[in-house]
Amino acid sequence: MPGRPTVEKDRGEAQINPTKRTVLEVQNLSINYISEGKPPARAVENVSFTLKEGELIGLVGESGCGKTTLMLSLLRLLPSAGQIVDGKVFFNGKDLTTISEKELNKIRWKEISIVFQGAMNALNPVRTVGDQIAEAITKHMPDFPKDKIQGRVIELLDLVGIAADHKEHYPHQYSGGMRQRAMIAMALACNPQVIIADEPTTALDVMIQAQILELLDNLRKKLGLAIVFVTHDLGVVAEICDKVLVMYGGVTAEYADVDTIYNSARHPYTQELLKAFPDLTKPKKKLSSIPGYPPRLDALPDGCRFAPRCPVAIARCHTEQPMLHKLGDMHIASCHLVEASK
Amino acid sequence: MNRTRALIKKITWSIFTILFVIVLNFFLFRVLPGDPARAGIRDPRLKKEAVEMLRVRFGLDKQVINCFESLNPIKVGSCTVNPLDTQFFIYARNLLQGELGISYHTNRPVADVLAERLWNTVLLIGAGQILSIIIGVVFGVFAAWKARTSIDYVAVITSLMAWSLPTFWLAIILLFWGSNNGLPLAGKASPGSSALPLLQQWVDIARHMILPTLTYTIVYMGEYTLIMRSSLMDVLSEDYILTAKAKGLSTFQILKDHALKNAMLPLVTVIAINLGFTVAGAIQIEAVIFLARAGQRDF
């Protein structure tokens, strides 16, 4: 991509490192939404990725492409209609799709926590924020000294820039950005190994957004926190992610490390997405957009799910679903054209 | 701190409300046509002096309030009377001292008339409300938790039926059932039971309460179950319940710590409204299962 700022090579210890332990491994995960009298809606199909200690993976795609479904399914938090029909989710070698609910409850929040999209309603309105953070600690760390819990809550709130006296306040007394940050503080409460962040910065202004990103980045460097970062914002992806999973209509479009995505993307959807992103080096250039809408889950095209909007689609794209093609050590794309040029 | 302030505010408002009701009720009966003394004793043979004596007995010879001799018909009186010697202020002072006056109808102290009947109503409503709240909340929680399962359907259909039953009809049905099972059908205690030891007296009263309380409980249980169920189902679909689930809390903990408190709000409102209605008289139940209660006082 000429003219696009190349991503710096020097990313410190967070650089993809083969010696690091794999914490989360998603293998061929497929999720259907089942409703009576209708064929199942294939919301997510055959998605795989791995996450190592201290790594940050960006999950990118338009609204409705299955990002949130995928994220919720990792901890089996989907509503009862959403069912994992295939695939596995390994966390430190344990398959989260098969273990008992009781065992899973020990992993939820303690090891893998979630920052929900739109934290507006993600906090209980009738309990104080401090109380809700403390709840996570008392639930998962029964040995934590009782008299130090309040201190820990203050410390966590301080970490995300919320003054200690807000601890006793109710969510409605918080601004939107504060709630989002309180949510992040709560996610950090038990020192988890993985944080799943579903668009954690979309409701925030740029200053706070930068602070939060910096905070997450520091935490993974310091504590080896692994992060799944769901976002629309390719700028954020370029700034902090190690790997990127581009999803389209519930399937993997492209999966690669961030350099490859920005500099040699192979899937037409990734290429179009990048074109739709402002380029600072060419301020006069017009931004392009991808015409059309993502496919409806109840009316998926026969062939490639992107084919109806793809500028370079060939006849085969409309009839046959492309396979996931391995293009390198850490580069996967699902496109017939990739296969043709291989 | 916040709680104390809210409480003080509420209490202040209720005092104002009560004051308003007292003033309104006092003047309402003065503005309405008909002399209480005359209305109470419907006997044309009474002599004028006797009526006048009755007026003195009920304090009706005094001025209603400063400047007004009476309000119906409006008769302007002296404005220089000692305000404390007018009907309104005597009434207010007596009220403050817990003195409710003498009934025009029965010629007995109002406080006594109320006390003997109010106690029955309070017993019935207290027992009925507590039972129906407990049963209703438990059923409602189960129905919402097991939504769209057979447990849920059974709970909803039962509650709908219970709630839509006409109260008097349910009471009649229960009377049949009660008479077949040897339960007392009327009255508050068996004749002569006051001679029994205290414990047996209580058992006797409890047995007399079974039918009315049961009627009351069944009807209100249906309402509370339905409200609890729909309110809890709303809450369970909220985002913060998903957060609680993601936090690894068990279903029981989610219900107890995150859902119930929030879902109780509509129920608390309805209970408060019902209490207001029912203290005014569980008339239908009382009319069928004959008991002298305050409800019939207002009937």
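The values are calculated or read from the model by the stated rules, or taken from the named source; none is laboratory data. What you are looking at is a predicted structure, and each value in this text was computed from that prediction instead of being measured. Please note: Cβ atoms are built from the backbone with ideal geometry, for glycine as well, and neighbour counts cover all protein chains shown.
The number of residues in the stretch B:258-269 that are surrounded by 14 or more Cβ atoms within 10 Å (Cβ to Cβ) and more than 7 Å from chain A (Cβ to nearest Cβ) comes to 6.
Looking at the stretch A:223-342, what strands (runs of 3 or more DSSP E) fall wholly within it and have at least 2 residues that are of a type in the set (S, T, Y)?
Values: elements: A:226-231, A:243-248, A:251-257, A:325-328, A:331-333.
It comes to A:251-257.
When B:L214, B:L242, B:L255 are checked against the criterion of being within 14 Å of chain A (Cβ to nearest Cβ) and in contact (Cβ under 8 Å) with a residue 40 or more places away in the chain, B:L255 stands alone in meeting it. Considering only residues in the stretch A:133-163 that are at the interface with chain B (Cβ under 8 Å from one of its Cβ atoms) and either within 25 Å of A:N218 (Cβ to Cβ) or β-branched (V, I, T) (or both), the one that is surrounded by the fewest Cβ atoms within 10 Å (Cβ to Cβ) turns out to be A:H140. With respect to being at the interface with another protein chain (Cβ under 10 Å from one of its Cβ atoms) and either surrounded by 14 or more Cβ atoms within 10 Å (Cβ to Cβ) or part of a loop (DSSP other than H, G, I, E, B) (or both), A:M120 fits the description.
Determine whether A:S288 is among the polar types (S, T, N, Q), assigned by TED's automatic domain parsing to the domain that holds A:P268 and touching a helix residue (DSSP H, G or I) at 6+ places or on another chain (Cβ under 8 Å).
Details: among the polar types (S, T, N, Q): yes; assigned by TED's automatic domain parsing to the domain that holds A:P268: yes; touching a helix residue (DSSP H, G or I) at 6+ places or on another chain (Cβ under 8 Å): yes.
In short, yes.
Hey, could you check the stretch A:185-216 for residues that are among the acidic types (D, E) and buried (at least 19 other Cβ atoms within 10 Å of the Cβ) and say which is modelled with the highest pLDDT?
Filtering the stretch A:185-216 for residues among the acidic types (D, E) gives A:198-199, A:205, A:214.
This time we only want the ones that are buried (at least 19 other Cβ atoms within 10 Å of the Cβ), so: A:198-199.
Numbers: A:D198: 89, A:E199: 86.
If we take residues in the stretch A:185-216 being among the acidic types (D, E) and buried (at least 19 other Cβ atoms within 10 Å of the Cβ), then A:D198 is modelled with the highest pLDDT.
Table: residues versus (1) surrounded by fewer than 13 Cβ atoms within 10 Å (Cβ to Cβ); (2) part of a helix (DSSP H, G or I); (3) within 22 Å of the chain's Cα centre (by Cα).
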position: B:F88; (1), (2), (3): no, yes, no
position: B:N107; (1), (2), (3): yes, no, no
position: B:A111; (1), (2), (3): no, yes, yes
position: B:A115; (1), (2), (3): yes, yes, yes
position: B:I130; (1), (2), (3): yes, yes, yes
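Inspection of the stretch A:172-187 identifies no residue that is within 9 Å of chain B (Cβ to nearest Cβ), of a type in the set (F, W, Y) and under 30 Å from A:L70 (Cβ atoms). Taking each residue of the stretch A:137-161 that is among the small types (G, A, S) and looking for partners that are part of a helix (DSSP H, G or I) with beta-carbon atoms closer than 7 Å, six or more apart or interchain, yields A:G161/A:R181; A:G161/A:Q211.
Consider A:E272 carefully, then state whether it is without any contact (Cβ under 8 Å) to a residue 40 or more places away in the chain, crowded, with 19+ Cβ neighbours inside 10 Å and among the acidic types (D, E). Please lay out each step first, then the result.
On the way: without any contact (Cβ under 8 Å) to a residue 40 or more places away in the chain: yes; crowded, with 19+ Cβ neighbours inside 10 Å: yes; among the acidic types (D, E): yes.
Spelling it out, A:E272 is indeed without any contact (Cβ under 8 Å) to a residue 40 or more places away in the chain, crowded, with 19+ Cβ neighbours inside 10 Å and among the acidic types (D, E).
Can you tell me which residues in the stretch A:66-116 are under 30 Å from A:G37 (Cβ atoms), part of a loop (DSSP other than H, G, I, E, B) and either more than 8 Å from chain B (Cβ to nearest Cβ) or of a type in the set (F, W, Y) (or both)? If the condition is that a residue be under 30 Å from A:G37 (Cβ atoms), part of a loop (DSSP other than H, G, I, E, B) and either more than 8 Å from chain B (Cβ to nearest Cβ) or of a type in the set (F, W, Y) (or both), then A:G66, A:R76, A:L78, A:P79, A:S80, A:A81, A:T97, A:T98 are the ones that fit.
Among the residues of this structure, A:L157 does not count as one that is part of a loop (DSSP other than H, G, I, E, B) and of a type in the set (A, V, I, L, M).
Can you pull out every residue in the stretch A:26-46 that is farther than 15 Å from A:S80 by Cα and touching a helix residue (DSSP H, G or I) at 6+ places or on another chain (Cβ under 6 Å)? Once the filter is applied, which keeps residues that are farther than 15 Å from A:S80 by Cα and touching a helix residue (DSSP H, G or I) at 6+ places or on another chain (Cβ under 6 Å), the stretch A:26-46 yields only A:V44. Annotation note: Cβ proximity below 6 Å between a residue of the stretch B:263-286 that is in the same structural domain as B:M228 (by TED's automatic domain parsing) and part of a helix (DSSP H, G or I) and a residue that is surrounded by 19 or more Cβ atoms within 10 Å (Cβ to Cβ) and at pLDDT 90 or above (sequence gap 6+ or interchain) occurs for B:A263/B:S231; B:A263/B:L232; B:A263/B:V235; B:P266/B:I227; B:P266/B:S231; B:L267/B:I227; B:L267/B:M228; B:V270/B:I227. For the stretch A:1-36, filtering for residues that are at pLDDT below 85 and either assigned by TED's automatic domain parsing to the domain that holds A:A253 or over 30 Å from A:K285 (Cα atoms) (or both) leaves 9.
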